[in-house]
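Shown next, in structure tokens, is the structure this report addresses.
The values are calculated or read from the model by the stated rules, or taken from the named source; none is laboratory data. Since we're looking at a predicted model, the values are computed, not measured. When we count neighbours, we look across all protein chains shown, and the Cβ atoms used for this are built from the backbone with ideal geometry, even at glycine.
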């Protein structure tokens, strides 16, 4: 499918998808993207059901297509020994901040797609549903299809794209190594299997018959044109939206992205598992520098995050991002403040670059 | 400069540079690329002066522009303790192969650019000279310029591109993370600073005024079109030439690239320092799998290689690539047997894809 074909099939005016970004957006960003003719997305992983219902009511009312995004990881089995070791690892930071490790909350919420969320899909019938970390089990996926949603899912390798196609997804999001936030890999944990977008997209395009949406390292019109040249039918962009007026990106995250936070270089990201237990790309901060970005002792996704919550709050209250996940891809230079609709139009080549 | 501008300024008919690839090519590949209108390259790092003179005589006779490529690393200070530890690391493999560790040659030759090689440049006056790992010292660089060569050099970050531009290079080769062979980084050893080509190229294009040549993950016409869309004035392609008739790629390397070698997946590369002491991308083989691709105890570039020579020869004689550096980027799928000139024309969009 060409860019125009996929866009019109999805009901879009431009072949630009906004990447769902848990923690830095709510329905407002999705609405702004939808109003500009792109596909806005609402990430559900960190939303409670009341907030989800509220956002969905607004999105449904806008009359434009939107994408409801779910993580579909297997909930981890808590491991007391690993949790204990992780808290030992962080003990020095607790002492430094004069915080009580006993006050750490029990778990961090990243809700995987389940029966209850399938019920939400059936109730709201979102035009598009996307999955990260694979697909839900067949019975749940069948409920999503039966509710009329077009289904997208992330692939980081050719093998994952073929696996998704065999299970009937309508389009594959090929997520290159440049992308910010969580890597979507689900067939193989070996990060050396992850490919740059320029290498990944043409290989996926050659391997599957469904349309391919390119993601990772795309921040401006040039990136969109390159992705289309590689055979992608559309693009998914995340990082470039982080400073938009409608994003809920926090103050230290915004400062870090614009190079106004001491000790953070917005051009320097790394893939880290420290913040959630799963590899995700973010700006290199103090915790990543001191522990190394990948720590095999971090508790399984999403449990690693809980023990960081008090440290993060303590540091952020002092204007520091030492323990904050500063999710960003390799095009943080493309972030600009302003309305998200302007960015959508620039990515689509309708407006000149900011 | 646009693609056509840079190509004509370099005297080319098409904006396609063949990446210099020490160990898998001699002048024959460069001649074939030159005959097709691209820029052939001769890597000097592993050639002795007699072989270099012979190849240069042939290249000069062809009447087409060509690129003479040099490494410009600082020669390492030998470190007996590190060398000893490295041989201890490899001792188990020596025992398994029933080889005598005392028979290991003293050093591996990767000749950096020096007075003698500056003399070769003055004698042959190559139209283009390219450098990897930074630039030679100013007096040596001045001799290259005085000999009339246009100077290219590799950058892997925006900072490196600006550093090179400030020292007067005529064009920057922006080497993305997908590229095979040695990473060209020289300002910062931290591999997390390395960027995917799709993210790197537009940032370099925005940061420097000299033309930018995109390298890394480009294996077909789609990749070339994407690179040009990103603002590159030309592309440099390596991996896709590895199976060409004119390449000297060895038998196990060719088998590995085509998926006919047990235990090697041509779609799986990693950045490793095991073979030379410097990070370089190659297909994952036994040594990389068993030691992990990055080993901080490996001797400094290029010394790590010497102790592998007997192991490599022993394994290759048995049809195995356990200790062979199988340099390749993330588009090994783009490798096809055939004349290099055909590949140049396909990359340039003059012939349909193979």
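Numerical summary
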| item | result |
| --- | --- |
| When residues of segment A:219-234 are limited to those that are under 19 Å from residue A:157 (Cβ atoms) and facing chain B (nearest Cβ under 8 Å), the one surrounded by the fewest Cβ atoms within 10 Å (Cβ to Cβ) | A:231 |
| Check on residue A:126, in a loop (DSSP other than H, G, I, E, B) and under 18 Å from residue A:45 (Cα atoms) | yes |
| Test: residue in segment B:114-129 that is within 17 Å of the chain's Cα centre (by Cα) and within 20 Å of residue B:329 (Cα to Cα) | no |
| Selected residue [more than 19 Å from residue B:309 (Cβ to Cβ), over 17 Å from the mean Cα position of the chain (by Cα) and surrounded by fewer than 21 Cβ atoms within 10 Å (Cβ to Cβ)] from B:101, B:50, B:76 | B:50 |
| Tally, over segment A:165-177, of residues that are closer than 16 Å to residue A:193 by Cβ and outside any strand (DSSP E or B) | 2 |
| Test: residue in segment A:132-141 that is more than 14 Å from chain B (Cβ to nearest Cβ), buried (at least 24 other Cβ atoms within 10 Å of the Cβ), touching a strand residue (DSSP E or B) at 6+ places or on another chain (Cβ under 7 Å) and under 29 Å from residue A:77 (Cβ atoms) | yes |
| Residue match in segment A:262-276 (condition: within 14 Å of chain B (Cβ to nearest Cβ), outside any loop (DSSP other than H, G, I, E, B), closer than 26 Å to residue A:351 by Cβ and touching a residue at least 24 places away in the same chain (Cβ under 8 Å)) | no |
| Qualifying residue in segment A:295-308 (condition: within 15 Å of the chain's Cα centre (by Cα), surrounded by 21 or more Cβ atoms within 10 Å (Cβ to Cβ) and within 12 Å of chain B (Cβ to nearest Cβ)) | no |
| Test for residue A:352: is it away from chain B (no Cβ under 14 Å), under 29 Å from residue B:156 (Cα atoms) and at pLDDT below 95 | yes |
| Members of segment A:142-170 that are within 14 Å of chain B (Cβ to nearest Cβ) and surrounded by 23 or more Cβ atoms within 10 Å (Cβ to Cβ) | A:155, A:156, A:157, A:160, A:161 |
| Yes/no for residue B:273 being crowded, with 24+ Cβ neighbours inside 10 Å and within 20 Å of the chain's Cα centre (by Cα) | no |
| Test result for residue B:331, touching a strand residue (DSSP E or B) at 6+ places or on another chain (Cβ under 7 Å), closer than 22 Å to residue B:43 by Cβ, modelled with pLDDT of 95 or more and surrounded by 24 or more Cβ atoms within 10 Å (Cβ to Cβ) | no |
| Among residues of segment A:189-212, those that are more than 9 Å from every other protein chain (Cβ to nearest Cβ) and in a loop (DSSP other than H, G, I, E, B), counted | 6 |
| Candidates B:195, B:140, filtered to the one that is out of contact with any helix residue (DSSP H, G or I) (no Cβ under 7 Å at 6 or more places or on another chain) and assigned by TED's automatic domain parsing to the domain that holds residue B:28 | B:195 |
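Conditions tested, residue by residue: (1) touching a strand residue (DSSP E or B) at 6+ places or on another chain (Cβ under 8 Å); (2) closer than 29 Å to residue B:291 by Cβ; (3) in contact (Cβ under 8 Å) with a residue 40 or more places away in the chain.
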site	(1), (2), (3)
B:22	yes, yes, yes
B:25	yes, yes, yes
B:33	yes, no, yes
B:43	yes, yes, no
B:49	no, no, yes
B:59	yes, no, yes
B:65	yes, no, yes
B:71	yes, yes, yes
B:82	no, yes, yes
